[in-house]
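Notes for the one structure printed next.
The values are calculated or read from the model by the stated rules, or taken from the named source; none is laboratory data. No experiment lies behind these values; they were computed from the predicted model shown. Positions of Cβ are generated from backbone atoms using ideal geometry, with glycine treated the same way; all protein chains shown enter the neighbour counts.
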Amino acid sequence: MPRRSGGFVAFSAIVLSTAFVFAQQEPSPAPKKIAIRAGQLIDGKSDAPIRNALILIEGDKIASVTPGGSAPAGVEVIDLSKATVLPGFIDAHTHVLLNGDITAEDYDKQLLKWSIPYRAILAARNAQIALSHGFTTLRDVETEGAMYADVDVKKAIANGEIQGPRMEVATRALTPTGMYPLLGYSWELDVPHGVQYVDGPEECRKAVREQVMYGADLIKYYSDRGYFYGADGVLHSHVNFTDEEAAAIVAEAHRLGRKVASHAIGNDGIAAALRAGVDSIEHGYGLTAPQMEEMARRGIYWVPTISVGAYVANGRQGNWPKMVDTAKAAFELALTKDVKIAFGTDAGGFDWKALNEAKEFEYYVNYGMTPMQAIRTATVTASELLGWSDRIGTLEAGKFADVVAVSGDPLKDITELERVKFVMKGGVVVKNEN
């Protein structure tokens, strides 16, 4: 190979250096500006809606929200003057890799007969369904045997490969050995597990570290199973982890900067989760007044997932139909105890194609919330639970331009939120049937 002369090398260096300088000086294109004219604006923070507001968007963020207001010259205007405009919804309890598990057979089929790649394809579809319903953010609380595929779905969305909501993901979830499906198969068969089995405090700590290493934004564990009513009329349960194990999960997660969500349906599982110091109780049907008061005092969130319990009750039978009434009573009581309630549906527990997640709003209103309170569970309160209140949850300057709109007035008819006509995520319109 011929040796390059020193002069040629020097000349090449000058050319490259000059090109680098020019590249540095090339001005970045100005972010695209869009204005939305909102007939009625529910911004997520005000006590009353704002009439005739102008939302100015620059790039993926909101630049300003002005009652009245005029769009700057040359800016594209989206006319939603006959619609109600709201922040993008947040569902704080989903399973994009699950497609309905009313019965054990429904669940087992997905783990035994569907590959993880196939389930990931369906998860991408489910994310698109959620976005089309106005849910611009999901907190996905485990993959149900699909390992770390939720991290891949989140990455594909973030990289613009597929459309979908922003995501926080929990990856595999945790239980002790033998306390979560698949169960009941021959001991000669090595069947898949819906969660990561861990035993003892040290295994619990290691599992938390492993899940964080592979991309977990939060940690989920199962506090209980086997729900039954005692002579006291309270919904009880069998507790999964020892107090030492649960405390190790929470302590390690918090040390690594991750929040902890605990599946806790019965009173006993809830009590154990509260002792462990979790950040949120998921489901929580067996909550009692003292536990609610403790949660309010400590700022622990409740994600009630009412719609899924009602959806699966008839198919599961046993105590499940009665548990629907128990959940209703707990919700009504929680409204008197200042518990922080964050919207969550458990979508995936019902088939994503079978039920619109916004059905959850209707339950909240039927159980005693005002429509505005119900909307806040899926906007400002849920954003606080995720630790993203600086980015989403309200429509105000500096937040992501995650915007939805409906034709009617959800403050008069909350079911309007099941008929979203317009969706914008990060300044990009992904649905416009206005």
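The set of residues in the range 324-349 being surrounded by fewer than 23 Cβ atoms within 10 Å (Cβ to Cβ) and in contact with a Gly (Cβ under 6 Å, 6 or more places away or on another chain) consists of V324, E332, L335.
For the range 347-357, does any single residue satisfy the condition of being modelled with pLDDT of 95 or more, over 15 Å from the mean Cα position of the chain (by Cα) and assigned to a helix (DSSP H, G or I)? Scanning the range 347-357, I find no residue that is modelled with pLDDT of 95 or more, over 15 Å from the mean Cα position of the chain (by Cα) and assigned to a helix (DSSP H, G or I), so the answer is no.
Does V239 fit the bill of being touching a strand residue (DSSP E or B) at 6+ places or on another chain (Cβ under 7 Å), in the same structural domain as D279 (by TED's automatic domain parsing) and over 19 Å from D101 (Cα atoms)? Yes. In the set W302, W352, W388, W320, which member is outside the structural domain of H263 (by TED's automatic domain parsing) and hydrophobic (A, V, I, L, M, F, W, C)? Only one candidate qualifies: W388. Scanning the range 197-210 finds no residues that are touching a Phe, Trp or Tyr at 6+ places or on another chain (Cβ under 9 Å) and either touching a residue at least 60 places away in the same chain (Cβ under 8 Å) or not assigned by TED's automatic domain parsing to the domain that holds G348 (or both).
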